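Student: Just passing along the structure, written as structure tokens.
FYI, it's all coordinate maths here, none of it is from the lab. All of these numbers come straight from a predicted model, not from anything done at the bench. Here Cβ is always computed from backbone atoms with ideal geometry, including for glycine, and neighbour counts include all displayed protein chains.
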Amino acid sequence: MIEVIQTDITTLDVDAIVNAANTSLLGGGGVDGAIHRAAGPKLLAKCATLGGCKTGNAKITPGYNLSAKHVIHTVGPVWRGGGRGEPELLADCYRNSLQLAVENGLKTIAFPSISTGVYRFPIDRACRIATTTVKAFLADHDEIEKVTFVCFSNSDRAEYESALAEGN
Ligand code: AR6
């Protein structure tokens, strides 16, 4: 099951929320800053032991003070025009995050709109990559019960809803 909601991802009570992090995993602005603020300082201390994360990869930590049990940290590509592997790297973020969820026995996972803030990936392309990649993964993995796309703005929510309705 896939749903689209408009809310602050840090409020969700799910097995894992995904963080749109950077390669240092040492925090930042946007959704990353919000997640670290809500999870508390133990999250940063844990992230500091992980040795960073390559673009497209994902790493898992506990959720600490969050309602979510875990945080899956992934690093989206910075948009540089689309010719430097950005679409494939963004798809890798969704696939690798879901794979980590399966490996850890998690059933409910919520994604922010990775790379579409500070990293400037165009929302119309990013949300179609997000929805097609998640749909393809779920077709092969019935262990995951629910994937939530969490949008921060009305316009992002409309983009995700139309991408899902198109069957993309
Ligand atoms: N809940 C849900 N979505 C949010 C929240 C929130 N609390 N806050 C922001 N968003 P961004 P990126 C949305 O910039 O483009 C950080 O500094 C936001 O509106 O957070 O992958 C990292 O450390 C946008 O739609 O992530 C990296 O350096 C989406 O989350 C860099 O930013 C992603 O925007 C990563 O950039």
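Student: With Cβ to Cβ distances under 10 Å as the rule, what net charge do the other residues near S113 carry (K, R +1; D, E -1)?
Tutor: Charge balance near S113 sits at -1.
Student: Can you tell which of S115, S67, S153 shows the greatest fluctuation in a Gaussian network model of the chain with Cα springs below 10 Å?
Tutor: Evaluated over the chain, the most mobile residue of the options is S153.
Student: Report the charge-dipole magnitude of the chain in Debye, nearest 20, computed about the Cα centre from +1 at each Lys and Arg Cβ and -1 at each Asp and Glu Cβ. Working shown, then result.
Tutor: Values: 16 positive and 18 negative charges, 128 e Å.
Computed about the Cα centre, the dipole is about 620 debye.
Student: In the chain, with Lys and Arg counted as +1 and Asp and Glu as -1 at Cβ, which of these residues, T61, C93, T7, has the Cα nearest the positive end of the dipole, that is, farthest along it?
Tutor: Toward the positive end, the furthest listed residue is T61.
Student: Looking only at the stretch 54-75, which residues have a backbone nitrogen under 17 Å from a spot 7 Å from the Cα of A136 in the C-beta direction?
Tutor: From the stretch 54-75, the list is 56-57.
Student: Between K54 and S67, what is the label-point separation in nm under the 7 Å Cα-to-beta-carbon projection?
Tutor: Spacing of the two 7 Å Cα→Cβ label points: 3.6 nm.
Student: So for the chain, averaging the separation of alpha carbon pairs under 8 Å that are six or more residues apart and normalising by length, what relative contact order in percent results?
Tutor: Working: 333 pairs, mean separation 48.9, N = 168.
So the answer I get is 29 percent.
Student: For H73, list long-range residues whose amide hydrogen, built 1.01 Å from N in the peptide plane, is under 5 Å from its own amide hydrogen.
Tutor: Result for H73 returns N19, K59, I60, T61.
Student: FRET efficiency for S153 and V78, Cβ-Cβ distance as r, R0 = 22 Å, nearest 0.05? Walk me through the intermediate numbers first.
Tutor: Numbers: r = 20 Å, r/R0 = 0.93.
With a Förster radius of 22 Å, E is 0.60.
Student: Among D156, D13, which comes first, then next, by fewest other beta-carbon atoms within 10 Å? Kindly include the intermediate steps, with their values, before the conclusion.
Tutor: Working: D156 21, D13 12.
If I rank by nearby Cβ atoms, fewest first, I get D13, D156.
Student: In a GNM of the chain with a 10 Å cut-off on Cα contacts, which of D92, D140, D15 has the highest mean-square fluctuation?
Tutor: D140
Student: Gaussian network model of the chain, Cα springs within a sub-10 Å range: biggest mean-square fluctuation belongs to which of C127, C53, C93?
Tutor: Its mean-square fluctuation being the largest, the pick is C53.
Student: While we're on this one: Within the stretch 96-114, which residues have the backbone N less than 17 Å from the label spot 7 Å out from I2 along Cα→beta-carbon, could you tell me?
Tutor: 96-99, 108-114
Student: Follow-up. Add -39500 (n - 2.57) for each DSSP H run of 4 or more in the chain, then divide by its residues: what number comes out at 222 nm, to the nearest 500 deg cm²/dmol?
Tutor: Taking each H run of at least 4 residues, the total per residue is -12500 deg cm²/dmol.
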